[in-house]
Amino acid sequence: MFLFIKVLKLFVLPPGVFLVGLGVVLVLWWRSRATLARRVLILNLIFLWVLSTGAGAFLLSQGLERVGASAPAALTGKEEAIVVLAGGASKKQEEDPLLILSTASARRLLWALKLYEHSSARLPIVYTGGSSDPYDPETIEAATAKRFAVSRGIPEENFWVESRSRDTYENALAVRQMFDTRFPGKFPHRIVLVTSAIHMPRARLVMEALGFEVVSASAPEEPVQFRWNILEFLPQPHALSGSTVALNEWVGIAGYWFIGWL
């Protein structure tokens, strides 16, 4: 299922979705359906234009970020752990662990450490996530995160790692299995969930579907901005990148719902 979803996403997200659209245009043209081919081509161009603008990226991101953004978690004392979702890492050898972790991963980890330091209960931190490459399963992200946390004074026994899960659903499933083992007979599990604001809606829905009670604690980051000027309505490379990130979350939510994971 993981590989199927990963391949499918390649064709429903940019740039694959535009190639699919052009392929449909060629097939229709070849079958002498020129009018329909022109309509599909125009729709393809409009879709590409919208996703390539700052306005399009803002519209796609706004709903996710507004729901996912959260103030520092108000802990009740009933939480069992701070769960951090991995955000990617390189395999380069660096002295500083933060240079190995992606920007998203570093932000999430630093925020989790801050929450830990402000938690009187000293909740354990769970860092979950492995390689998302089906042909290269090795990853050093979780181990790197733990190395940095320990260097900052977090006791090793308070930093748990899980490095086999490959996507958000597998993250949640692995954490559920870990908690059922470490906290037998205790249900539902209440966690502080740390991830990016734009990813929080999907992550929270999955966690709650598996029975968790979730306190959202989005890692601080600059939200997608919009300013009323002509440039926001013209194609820009960074806007297409932002639209793709947001579209990936919307597609992920729809796909998880369709499969029955939500």
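Some points to look at:
- The stretch 89-152: Rg to Rh, with Rh as the Kirkwood radius over Cα pairs: 1.00
- Per-selection metrics, the stretch 73-216 (Cα): Rg and Dmax in Å: 14.2, 42
- Electrostatic tally near S90: other residues with Cβ closer than 15 Å to its Cβ, Lys and Arg +1, Asp and Glu -1, net -4.
- Net length gained if the chain between Q236 and D180 were fully extended (0.36 nm per residue, minus Cα distance): 15.5 nm
- Sites R152 and L19 - FRET efficiency at Förster radius 51 Å, r taken between beta-carbons, to 0.05: 0.70
- DSSP beta bridges in the stretch 73-216 [antiparallel fraction, %, rounded to 5]: 5 percent
- Under the span-like rule (Cα at least 27 Å along the axis, Kyte-Doolittle mean at least -0.5), DSSP H helices of the chain: 237-259
- Remark on the stretch 144-257: hydrodynamic radius 16.7 angstrom, per the Kirkwood mean of 1/r across alpha carbon pairs.
- Debye-sum result for the stretch 1-64 in log10 I(q)/I(0), which assumes one identical scatterer on each alpha carbon, at q = 0.25, 0.27, 0.30 Å⁻¹: -0.99, -1.04, -1.11
- T35 paired with N229, simple spin-label distance in nm, labels 7 Å along Cα-to-beta-carbon: 4.5 nm
- Aspartates and glutamates with Cα under 14 Å of K78, excluding same-chain neighbours fewer than 8 positions away: E213
- Two-site label geometry, L10 and K92: point separation in nm, points 7 Å out along Cα→Cβ: 2.6 nm
- Cβ-based net charge around E80, under 11 Å, with every Lys or Arg adding one and every Asp or Glu removing one: +2
- Beta bridges assigned by DSSP with both partners in the chain are antiparallel in approximately 5 percent of cases.
- Each Cα pair of the chain feeds into the Kirkwood radius, which the Stokes-Einstein equation turns, at 4 °C and 1.567 mPa s, into a diffusion coefficient of 65 µm²/s.
- Two-site label geometry, A143 and I46: point separation in nm, points 7 Å out along Cα→Cβ: 5.2 nm
- Spatially proximal aspartates and glutamates relative to K91 (Cα-Cα < 18 Å; intrachain offsets below 8 disregarded): D133, D136, E138, E141, E162
- Unsatisfied cross-links (Cα-Cα over 25 Å) in the set K9/K146; K92/K146; K114/K186; K9/K114: K9/K146; K114/K186; K9/K114
FYI, it's all coordinate maths here, none of it is from the lab. Everything numeric in this text was worked out from a predicted model, so none of it was measured. Positions of Cβ are generated from backbone atoms using ideal geometry, with glycine treated the same way; all protein chains shown enter the neighbour counts.
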